[in-house]
1. State yes or no: is Val107 surrounded by 12 or more Cβ atoms within 10 Å (Cβ to Cβ) and modelled with pLDDT of 90 or more?
2. Only residues that are β-branched (Val, Ile, Thr), in contact (Cβ under 8 Å) with a residue 40 or more places away in the chain and either within 20 Å of Phe11 (Cβ to Cβ) or in contact with a Pro (Cβ under 9 Å, 6 or more places away or on another chain) (or both): list them for region 97-133, please.
3. Checking Ala101 against (1) surrounded by fewer than 14 Cβ atoms within 10 Å (Cβ to Cβ); (2) modelled with pLDDT of 85 or more; (3) more than 14 Å from the chain's Cα centre (by Cα), which single condition isn't satisfied?
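The values are calculated or read from the model by the stated rules, or taken from the named source; none is laboratory data. This structure is a prediction, so every number in the text was calculated from the model and none was measured. Methodologically, a virtual Cβ is constructed for each residue, glycine included, from the backbone with ideal geometry; neighbour enumeration extends over all protein chains shown.
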Amino acid sequence: MSIFFNADEIFQMGLQIEVNGKEFYEAIAKKSSDGSVQQFFADLAKWESEHIWFFTRLRESLPDSARRGSAFDPGQELLTYLQATANSHVFIKNQNIHELASRCNTVTDALDLAMAFEKDSVVFYTMMRKVTPEEFGKKEIDRLIDEEIGHIAMLHQKKKDWEKRS
């Protein structure tokens, strides 16, 4: 059986991931009593806001044809992998973002979860890039992947710095 899926659905998944990430970072910022931690997570939330805008812009620029079935996947491998990747994403799997944030008892816990979020995002966006036609934003997705990789490096360094402080 041949399966078709469309760019609009894929971009909606990416948008939801970023919305959940923003909500998580805002919850951690509010939860912390340390001003530098609050600012750091507020900055992360701002970055996610930029990614929300990115996906919103991509979705709005799609032609009507991209809102209908457009990617041919006869063995269902791409769709299955994309769905599995999205469903295992830390912020899709855990629908209650505030409850997830409440389980972070330390800054290190929050940074570990943030790194998992960013890594999951890189995997999902890499797969998204594979199924996105050039004209629907493939180059923009490449830039987003690079940004997410940069976030992972920054979060890793922040964790090392925090652990030295503690």
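1. yes
2. Val131, Thr132
3. Unmet for Ala101, out of (1) surrounded by fewer than 14 Cβ atoms within 10 Å (Cβ to Cβ); (2) modelled with pLDDT of 85 or more; (3) more than 14 Å from the chain's Cα centre (by Cα): (1).
Yes/no matrix, rows are residues, columns are (1) within 20 Å of Ala116 (Cβ to Cβ); (2) at pLDDT 85 or above; (3) surrounded by fewer than 13 Cβ atoms within 10 Å (Cβ to Cβ):
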{"residue": "Gln38", "(1), (2), (3)": "no, yes, no"}
{"residue": "His51", "(1), (2), (3)": "yes, yes, no"}
{"residue": "Phe54", "(1), (2), (3)": "no, yes, no"}
{"residue": "Arg68", "(1), (2), (3)": "no, no, yes"}
{"residue": "Gly75", "(1), (2), (3)": "no, no, yes"}
{"residue": "Leu78", "(1), (2), (3)": "no, no, no"}
{"residue": "Gln83", "(1), (2), (3)": "yes, no, no"}
{"residue": "Asn87", "(1), (2), (3)": "yes, no, yes"}
{"residue": "Phe91", "(1), (2), (3)": "yes, no, no"}
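Yes/no matrix, rows are residues, columns are (1) in a helix (DSSP H, G or I); (2) farther than 17 Å from Leu155 by Cα; (3) among the hydrophobic types (A, V, I, L, M, F, W, C); (4) touching a residue at least 12 places away in the same chain (Cβ under 8 Å):
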| position | (1), (2), (3), (4) |
| --- | --- |
| Gly14 | yes, yes, no, yes |
| Ile17 | yes, yes, yes, yes |
| Gly21 | yes, no, no, yes |
| Lys30 | yes, yes, no, no |
| Gln38 | yes, no, no, no |
| Lys46 | yes, no, no, no |
| Glu50 | yes, yes, no, no |
| Leu58 | yes, yes, yes, yes |
